[in-house]
Every structure is written in C-alpha cells, then in structure tokens.
Amino acid sequence: MNAIQMTLLVCGLAASALASPAAKLLPETPFISCGADTIKTLKVVGCASLPCILRRGTTVTLNVDIVSNSDTATLASEIYGNLNGVLVPFSADDQACSSLTSGSCPLSSGDEFGFTTSVDVLNEYPPVSVTIEWRLKDASGAQMACAQIPARIM
C-alpha cells in the first residue's frame, strides 16, 4: 500500500468514526413534548435512553436548542418532578436569559438559541420513578418550550 492509499484509508476510517452515533459526545435524550414544538434538540448530560437515571447527591444538566415562538425580553425556566400527577417543584429561574449558551435576550419570534440549566438531585429525594417536566416561559408567562423526561431517582 502506497502513502496515498494509506492516507485515504486513514481519512475514510476517521470520517466513518466521526459519523457514527457512538462518536457523539452528548447524545440527544428522548423526550415528550408538552407544548409548542419549539425544541430542536434536548440533552440531559449522561442520559441517552429512558428512563434517565438521576443519582442522589449529583447535579443534572439539561442543554436545549430552541426556536423562539414569540418576541420576549425575558425568560423563566421551571423544573418539576411529576409524581403520579402531582407537580413537585425542583428548580425555578426567573432570570433564565443569563443561562443562554447561544443567542441573547431580547429574542424575536423565529430566533434560534441555546439554553442550559442544572438541578441538584438532593440526597433527601427518595428513590422513585418520576417524570421530569421542564418549562421555558416568555415575558408574558406564555409557554415557549416544554419537555417531559421519564426518569428514576436512585
């Protein structure tokens, strides 16, 4: 095998590896949309299949790419645990514009932006199956994005 063939072989193998799903650093997390279809991608760090395993004493990070469905100067983020229909507040942030990873407030309808938030899984939480419900609201309180993620606290 000559140098050109070897180079082509190595480049081909590298391209195949990069294109494979296993090469993704943060695979997308499956979720159920519970609102406007504005979420492009959602990733719970460390969760590629459901239910997501949430270990007590750790912090869970959520990364989302969204398309704005309204003009807004502010954003508010809410995270709940849905236990058999009862919403238990986990986290709230009424200054969520500071959590944008791309784009900036104010946002216009159609703007694409990235958002990240983290929530502590407290040691006091019992080991239980729960549906995590994350909501992002605009300045008027209207829902911009909503996702439900089946999880198990362990």
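Among the residues of region 104-120, those that are of a type in the set (Gly, Ala, Ser) and touching a residue at least 12 places away in the same chain (Cβ under 8 Å) comprise SER108, SER109, GLY110, GLY114, SER118.
Just to confirm my filter: which strands (runs of 3 or more DSSP E) fall fully inside region 61-113 and include at least 1 residues that are open to solvent by less than 40 Å² (accessible area, probe 1.4 Å) and farther than 20 Å from ILE132 by Cβ? I'd like the intermediate steps shown before the answer.
On the way: elements: 76-83, 86-93, 100-102.
Here the list reads 100-102.
Of everything listed in (1) open to solvent by 70 Å² or more (accessible area, probe 1.4 Å); (2) under 19 Å from the mean Cα position of the chain (by Cα); (3) modelled with pLDDT of 95 or more, the single unmet condition for GLY46 is (3). When TYR125 is tested against (1) aromatic (Phe, Trp, Tyr); (2) within 19 Å of the chain's Cα centre (by Cα); (3) surrounded by fewer than 18 Cβ atoms within 10 Å (Cβ to Cβ), just one condition goes unmet, and that condition is (2).
Going by what's in this entry, would ILE53 be described as open to solvent by less than 50 Å² (accessible area, probe 1.4 Å) and either over 23 Å from PRO30 (Cα atoms) or not in a loop (DSSP other than H, G, I, E, B) (or both)?
On the way: open to solvent by less than 50 Å² (accessible area, probe 1.4 Å): no; either over 23 Å from PRO30 (Cα atoms) or not in a loop (DSSP other than H, G, I, E, B) (or both): yes.
It is false that ILE53 is open to solvent by less than 50 Å² (accessible area, probe 1.4 Å) and either over 23 Å from PRO30 (Cα atoms) or not in a loop (DSSP other than H, G, I, E, B) (or both).
The values are calculated or read from the model by the stated rules, or taken from the named source; none is laboratory data. All figures in this text were calculated on a predicted structure; none of them were measured in a lab. Positions of Cβ are generated from backbone atoms using ideal geometry, with glycine treated the same way; all protein chains shown enter the neighbour counts. Accessible surface areas use protein heavy atoms only, side chains included; no ligands, DNA or RNA. Shrake-Rupley method; radii C 1.70, N 1.55, O 1.52, S 1.80 Å.
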